[in-house]
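Enquirer: First, the structure itself, so that you have it in front of you.
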Amino acid sequence: MPTTADPDDAADGAADETVEPPEQEAENAHDEASGGPVEEPPVALIDEARRALEAVLMVVDEPADPSLLAQLVELPTDTVEQLLGELAASYEADGRGFQLVRVAGGWRFQSHEACAPWVERYVLSGQSSRLSAAALETLAIVAYKQPISRAQVAAIRGVNVDGVMRTLQQRGYIAETGRDDGPGLAVLFGTTREFLERLGINELSELPSLGDFIPGADVVEALEQGLRPSDDLVLDEPSEDVTDGADGGASDEHGADGGASAAVVAEDVPTVDDLSDDPV
């Protein structure tokens with residue numbers, strides 16, 4: 001015969017069951033899904049990961065993806081995000097000149113926005129909107145002789161070009177393209193895409209030929225004629241009043257005929273013997 005449940009027994013069983021809060025139920029569900037409770041990483045590991053994150057973010061060229069950082073330090077992505085947020089807050093609280101920010105889906109260090117005037121003054125110091133004549137000359141040598149080393153450019157110009165080459169690199173007009181096979185393995189430089197964009201050309205073959213800047217034979221001849229002395233130029237001849245005293249018969253306008261005037265002057269000059277006879 002079928003049995004029927006006693007209502008009193010059902011009520012007693014329901015009273016024995018404890019109702020868990022939603023947070024505890026979610027934690028239990030997470031533990032069951034992961035196979036056990038989640039253990040917090042030790043403090044030493046957290047400190048080491050924090051230092052590692054700072055070191056990596058100091059050398060990145062673009063915002064670092066949090067998932068990639070998590071793989072590097074072998075921690076969950078949420079933990080890495082929390083550590084980076086704490087670092088950013090600590091830098092801001094200390095009033096540092098830099099800040100850790102999340103941009104473009106990643107994290108990076110950058111100068112603080114409050115320090116922008118000083119950073120701008122440093123970056124733009126010594127720069128102008130136009131290149132100097134020395135920079136243009138150096139850039140032309142690199143454009144036509146590339147790949148070329150800094151020493152070769154200096155030999156062509158005849159002056160030190162370290163500062164000018166550094167300026168052209170900062171402007172993005174030239175860049176390192178390799179190294180020379182000779183002794184010293186000198187760094188070779190060449191022009192960049194920025195250089196082509198500035199000139200409005202597609203490739204280096206569109207640069208004007210150097211032969212267009214070499215003067216013709218007629219211009220060179222005219223320049224040489226200008227440097228030669230003129231045939232009409234006559235040098236002044238010696239005056240007839242001044243002749244060579246060695247001829248024995250001529251004298252200058254002062255009457256110096258073979259040293260006679262010099263002898264007269266010598267007679268008027270007292271000698272040492274004369275001075276010794278004078279009474280004291």
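Enquirer: Every residue in region 154-177 that is farther than 14 Å from residue 134 by Cβ and out of contact with any Phe, Trp or Tyr (no Cβ under 9 Å at 6 or more places or on another chain), please.
Expert: Listed by number, the residues that qualify are 155, 170.
Enquirer: Tell me whether region 60-77 contains one or more residues that are of a type in the set (Ser, Thr, Tyr), over 30 Å from residue 209 (Cα atoms) and in a helix (DSSP H, G or I).
Expert: yes
Enquirer: Please specify each residue of region 105-117 satisfying the condition of being of a type in the set (A, V, I, L, M, F, W, C) and either surrounded by fewer than 10 Cβ atoms within 10 Å (Cβ to Cβ) or part of a helix (DSSP H, G or I) (or both).
Expert: 114, 115, 116
Conditions tested, residue by residue: (1) part of a loop (DSSP other than H, G, I, E, B); (2) surrounded by 10 or more Cβ atoms within 10 Å (Cβ to Cβ); (3) modelled with pLDDT of 90 or more.
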{"position": "88", "(1), (2), (3)": "no, yes, yes"}
{"position": "93", "(1), (2), (3)": "no, no, yes"}
{"position": "100", "(1), (2), (3)": "no, yes, yes"}
{"position": "119", "(1), (2), (3)": "no, yes, no"}
{"position": "130", "(1), (2), (3)": "yes, no, no"}
{"position": "137", "(1), (2), (3)": "no, yes, yes"}
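Enquirer: When you go through 194, 203 one by one, which is the residue that is assigned by TED's automatic domain parsing to the domain that holds residue 147, modelled with pLDDT under 85 and closer than 19 Å to residue 139 by Cβ?
Expert: Result: 203 is the single residue among 194, 203 that is assigned by TED's automatic domain parsing to the domain that holds residue 147, modelled with pLDDT under 85 and closer than 19 Å to residue 139 by Cβ.
Enquirer: Of everything in region 197-224, what is within 18 Å of residue 147 (Cα to Cα) and either within 20 Å of the chain's Cα centre (by Cα) or in contact (Cβ under 8 Å) with a residue 40 or more places away in the chain (or both)? Give them in sequence order.
Expert: Across region 197-224, the qualifying residues are 204, 207, 210.
Condition check ((1) under 19 Å from residue 169 (Cα atoms); (2) in the same structural domain as residue 157 (by TED's automatic domain parsing)) across all residues:
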{"residue": "83", "(1), (2)": "no, no"}
{"residue": "94", "(1), (2)": "no, no"}
{"residue": "112", "(1), (2)": "no, no"}
{"residue": "123", "(1), (2)": "yes, no"}
{"residue": "141", "(1), (2)": "yes, yes"}
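Enquirer: Within the set of pairs 6 or more residues apart or between chains, which connect a residue that is over 14 Å from residue 139 (Cα atoms) and of a type in the set (Gly, Ala, Ser) inside region 163-191 to a residue that is modelled with pLDDT of 90 or more and assigned to a strand (DSSP E or B) with Cβ atoms less than 6 Å apart?
Expert: If the second residue must be modelled with pLDDT of 90 or more and assigned to a strand (DSSP E or B), the pairs left are 178/188; 186/149.
Enquirer: Further, regarding this structure: For the subset of region 179-191 comprising residues that are surrounded by fewer than 14 Cβ atoms within 10 Å (Cβ to Cβ) and at pLDDT 85 or above, which member is farthest from residue 154 (Cα to Cα)?
Expert: Step by step, filter region 179-191, then rank; the result is 181.
The values are calculated or read from the model by the stated rules, or taken from the named source; none is laboratory data. Computed from a predicted structure; not experimentally measured. Reconstructed Cβ throughout: ideal geometry from the backbone, glycine too, with neighbour counts over all protein chains shown.
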